[in-house]
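The values are calculated or read from the model by the stated rules, or taken from the named source; none is laboratory data. As the structure is a computational prediction, the values presented were derived from the model and not from experiment. Here the Cβ positions follow ideal geometry from the backbone for every residue, glycine too, while neighbour counts run over all protein chains shown.
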Amino acid sequence: MPKLSDTMTEGTLLRWCKKKGDKIQVGDILAEVETDKATMEMEAFEDGILADIYVEEGGKVLVGAPIGVILAAGEKLEDLVKTAAPVAEAPAPRAAVSSGRPLTPRARAAAARAGGAGSLPEVRVKASPLARKIAASRGVRLDSLKGTGPGGRVIAFDVENAPANGSSAPAATASSPVAAILPTPIAGMQETKIPLSGMRRVIAERLLASKTQIPHFYLSIEINAAPMMAFRKEYMEAKATKITFNDIALAAVARAAMDKPKVNASFAPDSIIQYGSVNLSVAIAVEDGLVTPVIRDAQTLSLEQISAAVKDLATRARDKKLKPEEYAGGTITVSNLGSYGIEQFCAIVNPPQAAILAIGAIIKKPVVNGDLIEIGHRMSITLSGDHRVVDGAVAAEYMTALRKLLEAPALLLL
């Protein structure tokens, strides 16, 4: 099972595109694999014959675990099994497929072929990035710890409470933070246990790390949305094309980030990385959670181009057809819940970025105009910032630049 995304630890083999006995050439599509973010095609990197299949369609497989074997001309599967005989006497490895199906002798033989006679591929321990960092600094072996996180994942608490040699991990006690957050069954109430999907696991891990490791701060502004509403109507009449308020907001966020580049940055251990272009991550709700595909060089795109890019990315995100490079490399994120009727909210910073914009709905409300109270249209925008990178004054300058563009949206055409 190849690693098809930066956060992938296991994949679901949705469909075999080849069957046992088929001739395989380099570049042929072997199977469709669902990662934590998308459904992707897995290509063959060897010529030969697909001699055996170890994983049925629908099986979940750890990255690096064998799913089948391709033999070159003149090779026989029986000879391969014989040459790998010493492996059969080794301690049984952890199951490759999460359904509980252990590695077959042939799978073990393929593992030996890949890693050398008598060896098995190393099984990656599921652990959070913080847990790995702490373990490396303390010399603790992750594979010897019992994870108390979601799905048995090793978390920072497990490493911090492990002996120096990592021989064991203490069980969660009533006073531990792990036990404190475990739900208590309620007598007489029917419950449904929903297994965590790969995407949900990654979201849980990344956002927990963001909120616990990044010092968040928040700034909110309320803009006059009437000019934006008038601009949208005139633009669509003149261009005979449809754009949304979100398209206008995205264009303004990107342009303002070029005007105030200190928010278009990320934190590195020994420096702050400031980007020369705006790769705009757009939060899109999908069935299993949330993905953030990227519109690259957004500051150079027209409103029509941004609109088309968002529609395309959203459609393929919901169909799980995004490519890994399409949700990597973002420099600032926008999350818009206005279409759900949410007036104001605070988003969680999407690491390693330093800022995320939370955009609410346009609402009617009484506003003061001089000495008069009138009905106006207002929209709330909240910036969540990483205080290691962005200071309050810098964020305030950015929000002022964003307000200027949204209250005079014709500037986006310049």
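Numbers for the structure displayed
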quantity	calculated
Count of the stretch 1-40 residues which are charged (D, E, K, R) and more than 28 Å from Val125 (Cβ to Cβ)	7
Boolean, Ala328 is more than 29 Å from the chain's Cα centre (by Cα) and not basic (Lys, Arg)	no
Some residue of the stretch 315-331 being touching a residue at least 60 places away in the same chain (Cβ under 8 Å) and among the β-branched types (Val, Ile, Thr)	yes
Some residue of the stretch 262-275 being in contact with a Leu (Cβ under 9 Å, 6 or more places away or on another chain), assigned by TED's automatic domain parsing to the domain that holds Ala401 and modelled with pLDDT of 95 or more	yes
Exclusive hit being over 19 Å from Gln299 (Cα atoms) and either assigned by TED's automatic domain parsing to the domain that holds Ser220 or buried (at least 21 other Cβ atoms within 10 Å of the Cβ) (or both), set Asn336, Asn350	Asn350
Enumeration of residues in the stretch 284-313 that are of a type in the set (Gly, Ala, Ser), closer than 23 Å to Ala256 by Cβ and either surrounded by fewer than 19 Cβ atoms within 10 Å (Cβ to Cβ) or modelled with pLDDT under 90 (or both)	Ser302, Ala308
Subset of the stretch 356-393 [farther than 17 Å from Thr333 by Cβ and of a type in the set (Val, Ile, Thr)]	Ile362, Ile363, Val367, Val368, Ile373, Ile375
Qualifying position, being in a loop (DSSP other than H, G, I, E, B) and at pLDDT 85 or above, among Lys37, Lys20	Lys20
Meets criteria (of a type in the set (D, E, K, R), at pLDDT 95 or above and assigned by TED's automatic domain parsing to the domain that holds Lys404) for Asp247	yes
Count of the stretch 188-224 residues which are closer than 14 Å to Leu290 by Cα and assigned to a helix (DSSP H, G or I)	10
